[in-house]
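Each remark here refers to the structure printed beneath this line.
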Amino acid sequence: MPTKSLEFKAKLIWDGDSGGEVKARKYKDLKLDMPVEFGGKGRYPCPDELFLAGLAGCLLTTFLYFRSKLNFHMQRFEILTSGTLSAESDGYRIAGIEATMHAKTNRSEKTKARRCIELTKKYCHITRTLEKAIPIKISGRIDC
């Protein structure tokens, strides 16, 4: 892990309609759009879906970091995220987030997989930051 601060940047360019394209480092083609329910065309994921995907990505990379340290074989790994948007008197707000990590591994690796999930829950920096502002429930399931 790095011992110094890292800075990440992203640039969003409006597409002239109801969405835009994100440019981060050398990458492009990440597009977003407003949901139809909010007057958009729904052509691409909305910011809320990308937000949840980013959260799931942080859980994944944290999990993979600890998996490499614990050195175990895994056949499959998925993360399902969901968020609830609520209308309040002063506007919309994310009321809660749930994330479920699902690992498939050999029976002999189950203890390591369980430990990896626990470490991921403890050290994912995005969920650690968000849990101060939004209720977050993170769970894990292991199949053999």
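The values are calculated or read from the model by the stated rules, or taken from the named source; none is laboratory data. Since we're looking at a predicted model, the values are computed, not measured. No Cβ is skipped: glycine too gets one built from the backbone with ideal geometry, and neighbour counts run over all protein chains shown.
The set of residues in the range 103-131 being of a type in the set (Gly, Ala, Ser) and touching a helix residue (DSSP H, G or I) at 6+ places or on another chain (Cβ under 6 Å) consists of Ala103 alone. For the range 122-144, filtered to residues that are within 20 Å of Ala95 (Cα to Cα) and free of Cβ contacts under 8 Å to residues at least 24 places away in the same chain, the residue that is surrounded by the fewest Cβ atoms within 10 Å (Cβ to Cβ) is Lys132.
Residue-by-condition table, conditions (1) touching a Leu at 6+ places or on another chain (Cβ under 8 Å); (2) more than 28 Å from Lys122 (Cβ to Cβ); (3) assigned by TED's automatic domain parsing to the domain that holds Leu130:
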{"residue": "Gly16", "(1), (2), (3)": "no, yes, no"}
{"residue": "Ala24", "(1), (2), (3)": "yes, no, no"}
{"residue": "Tyr27", "(1), (2), (3)": "no, yes, no"}
{"residue": "Lys31", "(1), (2), (3)": "no, yes, no"}
{"residue": "Pro35", "(1), (2), (3)": "no, yes, no"}
{"residue": "Gly40", "(1), (2), (3)": "no, yes, no"}
{"residue": "Phe51", "(1), (2), (3)": "no, no, yes"}
{"residue": "Gly57", "(1), (2), (3)": "no, no, yes"}
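Here Gly20 clears all of (1) surrounded by 14 or more Cβ atoms within 10 Å (Cβ to Cβ); (2) part of a helix (DSSP H, G or I); (3) out of contact with any helix residue (DSSP H, G or I) (no Cβ under 9 Å at 6 or more places or on another chain) except the condition numbered (2).
Whenever a residue of the range 31-56 is more than 17 Å from Ser86 (Cα to Cα), its partners that are of a type in the set (Ser, Thr, Tyr), lying with C-beta atoms within less than 6 angstrom and at least six residues away or across chains, give the pairs Lys31/Tyr44; Leu32/Tyr44; Asp33/Ser18; Asp33/Tyr44; Gly40/Ser18; Lys41/Ser18; Leu55/Thr81; Ala56/Thr81. One residue alone among Ala113, Ala99 is crowded, with 16+ Cβ neighbours inside 10 Å, assigned to a strand (DSSP E or B) and in contact (Cβ under 8 Å) with a residue 40 or more places away in the chain, and that residue is Ala99.
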